[in-house]
Amino acid sequence: MADATADLAAEPTGRLTTADGRPLKTALARAQARARRRAFLLVLPLLLFILVTFIVPIGQMLHRSIHNDGFSANMPLLSQWFARTEPGTAPDEAAYAALAADLQAAAKAKTVGVVGTRVNYEMPGTRSLFTSTGRKARGFEPPYREAILQADPKWADPTLWGTMRQVSQAYSPNFFLAAVDLARDNEGNIVQAPPERRVYLMLFQRTFLIAGLITVLCLLLGFPVAHLLATLPLRASNLLMILVLLPFWTSLLVRTTSWIVLLQGQGVVNNTLVATGLITDQNRMQMIYNQTGTIIAMTHILLPFMILPLYSVMRPIPPTYVRAARSLGASSWTAFRRVYLPQTLPGIGAGALLVFILGVGYYITPALVGGASGQLISNLIAFHMQDSLNWSLAAALAAVLLGLVLILYWLYDRLVGIDNLKLG
Amino acid sequence: MALPVYASPLERLWYYTYRVICALIFLFLIAPILIVIPLSFNIEPYFTFTEKMLALDPTGYSLRWYDTLLTFGMANPEAPRTTAWWVDVWNNAAWVRAAKNSVIIGVSSTLVATVLGTVAALGLSRPEMPFRRAIMAVLISPMIVPIIITATGLFFFYSSTGLAGSYPGIILAHATLGIPFVIITVTATLIGFDRSLTRAAASLGASPTTTFFKVTMPLILPGVISGALFAFVTSFDEVVVVLFVAAHDQQTIPRQMWNGIREQISPAILSVATILVIVSVALLATVEILRRRSERLRGVTG
């Protein structure tokens, strides 16, 4: 070895060089850089693809959660008046003049509804005020204060002016505050939202509780099965594995439909129970379109995600360890608890985290079998996107959920490693 | 795990109880999938076994719900079943059109996901890859991020770029959702890949392209096909993104099922479900065969 390096170091300076005279260190660094670049270039197309079809859309959603120009873009003069004056300033004639001019312009452009909707998000019941005054806006003449107050005396409400001041800025934290049941009062202080609007924290809590419960159920059901699969001879376990993988490959909607068929009032389970006399015809169990339905169906759907990581950790555990513990006098329970269980912990961690992460974001199953009490936070995001059309609030709720999921994902990567994710 | 000879009676009892518990859990896993198959042949519009069905009376069973799949949405379902009738089915029947859409979207998005995903997996499995872990985390994230968030983001993005309601929009979105599966399966295949094979090919004068197609590709093909099947199933089963970004007339099978379950659930849904279960059995069998072949190719045992 020493001779070989001596041969390489033919240069009089004593440095190691390659055949063409470059220092070995630079040549190696260059070759490595080229290899790194090549590897990166292979990944680059996909990275750009994901950037455009996934990261940018989510970035746009995050932007939407703090930005809503429904008011500021359509009421420019009034927004300028708010920008000029101190918070808490009582509206003067100039403000009413700006309001009248903006309403006239908005009525012409048919955007009064947009403005009213934006204010309505913060202060329910104000949309009709805007639309009705907008219809009368064409006839307004100075002095505007009297004209507008005559059209509707509600315009004198200081809370309304405080709210309009808040929404006159396109960028506002209000949607994020609303997503965690907070609001800003007239002076701009952060306060708790009124009790009838405090639903989101409760829903986040419910989502996490249900996802946690499903994780525990999956662990309880998945552990024995994974253990059986891991200890059976390979031929038998491969055969039984099909029973785990088939649900995994079956359409989510099919599995949800099956649960509706099984669990509904006139469904298979209730009919069987009535036929065997366990319950009477009047006391059929309500197992679907509520939380119970969501939990049963989601446990079934997520169970393979628990069994597969558990199995891949359990399979390589040598059965001799437990036998050795038994031969040293441990009872079978002690051998399981002190010797076997600790070795399966990585699998338990991987499976539980994966099931929890997937459970927290579930949408389809709760929407179809959840009824009112089984709705999760995803369903509320969909409600705000499709029905109430409060897209900024939907985006803010989605951003909070995304943040929580990403923390869990980071934890998963730290504890388990993304590379260890296996499918079947 | 045979019962050891030194087991106490209590342990013997537990051994059998444990097997029964496992059997019940397997039943829980598989029964809901199998139950829809007999029910889809129910002659009555109910979701439960009628007495005739339980008595295995042939008059309790029928193919009427499968027939509905063909006739629903047709221009003239009562016409005699000639070639013209079948043309009508092919062009107008709601489920057939949904199936066509699903296949077009599924195949296109699978192609995009598989090509991009396989190339990226080749790069990711090289030891020199910089920022490997971070990039991998980004590429897997479409699988982890709740689908409703992805759909919301795509809704905003597509409405600002004009992709909303178009086929390319849905195909790109589904490709994104399928990519994590391709990456996971192909990198798993590449873990056992013997790198000296590509070096041997290069030393014998093969260009990198020849090496890839003649040496690397045949070895990783089982993994690539499994990944492609995963991506296809992901697209074939996806409903939330379609609900958010597709146009009103762009029906797919899952969307049609979703509407069916939400509005009026009829046993026709069960016949679709049965067909889908058969499809998934076929896919699972293919993947199993490929996995064994791949293990044999790579010399993995046990």
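The values are calculated or read from the model by the stated rules, or taken from the named source; none is laboratory data. Predicted model, so just to flag it, every value in this text is computed and none were measured. Note: ideal-geometry Cβ built from the backbone for every residue, glycine included; neighbour counts use all protein chains shown. The area values use the complete protein model at the heavy-atom level, side chains included, leaving out ligands, DNA and RNA. Shrake-Rupley method; radii C 1.70, N 1.55, O 1.52, S 1.80 Å.
Summary of computed values
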| item | result |
| --- | --- |
| Ratio of the Cα radius of gyration of region B:143-302 to 2.2 N^0.38 Å, where N counts its residues | 1.33 |
| Pairwise centroid distance, computed over Cα atoms, of region A:228-263 with region A:104-133, Å | 54 Å |
| Trypsin sites (Lys or Arg not before Pro) restricted to DSSP loop in region B:27-85 with at most 15 other C-beta within 10 Å | B:Arg81 |
| Rounded tilt (10° steps) of A:341-360 against the dominant C-alpha axis of chain A | 30 degrees |
| Per residue value of the accessible surface for chain B (all protein chains in place, 1.4 Å probe), Å² | 46 Å² |
| Helix runs (DSSP H) in chain B reaching 15 Å along axis by Cα, Kyte-Doolittle at least 1.6 | B:9-39, B:167-191, B:217-236 |
| Difference of contour (0.36 nm per residue) and Cα-Cα distance, A:Trp333 to A:Arg36 | 101.8 nm |
| For residues of B:268-277, the mean tally of beta carbons on other chains within 10 Å | 4 |
| Principal axis dimensions, chain B - Cα atoms, whole angstrom, descending | 71, 69, 39 |
| Pairwise centroid distance, computed over Cα atoms, of region B:119-188 with region A:143-157, Å | 54 Å |
| Protein accessible area in chain A, 1.4 Å probe - carbon and sulfur % | 63 percent |
| Region A:201-420, dipole about Cα centre (Lys/Arg Cβ +1, Asp/Glu Cβ -1), debye to the nearest 20 | 740 debye |
| Globularity index of the protein assembly as shown, i.e. its alpha-carbon radius of gyration over 2.2 N^0.38 Å | 1.16 |
| 10 Å Cβ shell holding at most 14 others, DSSP loop, GluC sites (Glu not before Pro): longest site-free stretch of chain B | B:79-262 |
| Carbon and sulfur %, accessible surface of chain B computed with the full protein complex present, 1.4 Å | 69 percent |
| Length added when fully stretched, B:Tyr167-B:Ala206, from 0.36 nm per residue minus Cα-Cα | 10.0 nm |
| Residue-averaged beta-carbon neighbours from other chains (10 angstrom radius) around B:50-62 | 0 |
| Student exercise, chain B dipole from Lys, Arg, Asp, Glu Cβ charges, in Debye to nearest 20 | 1160 debye |
| Point-charge dipole on Cβ atoms (K/R +1, D/E -1) for the protein assembly as shown, about Cα centre, debye to 20 | 2140 debye |
| log₁₀ of I(q)/I(0) at q = 0.13, 0.14 Å⁻¹ - chain A, Debye sum with one point per alpha carbon | -1.15, -1.23 |
| Gaussian network model of chain B, Cα within-10 Å springs - most flexible of B:Pro32, B:Pro142, B:Pro267 | B:Pro32 |
| Residues whose placed amide H lies under 5 Å from that of B:Gly73, excluding near-sequence neighbours | B:Ala94 |
| Farthest toward positive dipole pole in region A:273-424 [+1 Lys/Arg, -1 Asp/Glu at C-beta], among A:Gln291, A:Leu353, A:Met385 | A:Leu353 |
| Average partner coverage of A:228-238, which counts Cβ from other chains inside 10 Å | 2 |
| Helical contribution to [θ] at 222 nm, DSSP H n ≥ 4, -39,500 (n - 2.57), averaged over the protein assembly as shown, rounded to 500 | -22000 deg cm²/dmol |
| Angle between chain A longest axis and helix A:200-231 axis [Cα atoms, degrees, rounded to 10] | 10 degrees |
| Among B:Ala282, B:Ser271, B:Val186 the positive-end extreme of the charge dipole of region B:175-302 (Cβ point charges) | B:Val186 |
| Cβ-derived FRET efficiency at R0 56 Å, B:Arg195 paired with B:Ile37, nearest 0.05 | 0.75 |
| Backbone N within region A:316-334 under 20 Å of label point (7 Å from B:Tyr6 Cα along the Cβ vector) | A:318-334 |
| Linear extension gain, B:Phe131 paired with B:Lys100, 0.36 nm per residue minus alpha-carbon span | 7.1 nm |
| Alpha-carbon spread of region A:76-172, three principal axes, descending order, Å | 32, 24, 22 |
| Angle between chain A longest axis and helix A:127-136 axis [Cα atoms, degrees, rounded to 10] | 40 degrees |
| Ranked packing of A:174-181, A:29-36, most packed first, by mean Cβ within 10 Å | A:174-181, A:29-36 |
| Selected from A:Gly370, A:Gly212, A:Gly125 as most flexible by GNM, with chain A as the system and alpha-carbon contacts under 10 Å | A:Gly125 |
| Relative contact order, percent, chain B [alpha-carbon distance under 8 Å, six or more residues apart] | 25 percent |
| Alpha-carbon centroid distance for the pair region B:7-24 / region A:38-103, whole angstrom | 64 Å |
| Paramagnetic label zone (point 7 Å from Cα along Cα-to-C-beta, A:Ala170; backbone N under 14 Å) in region A:67-105 | A:67-77, A:79-80 |
| Relative contact order of chain A, pairs being alpha-carbon contacts under 8 Å that are 6 or more residues apart, as % | 16 percent |
| Accessible area buried between chains A and B, both sides summed, probe 1.4 Å, in Å² to nearest 100 | 8500 Å² |
| Cβ-derived FRET efficiency at R0 51 Å, A:Leu240 paired with A:Ala275, nearest 0.05 | 0.95 |
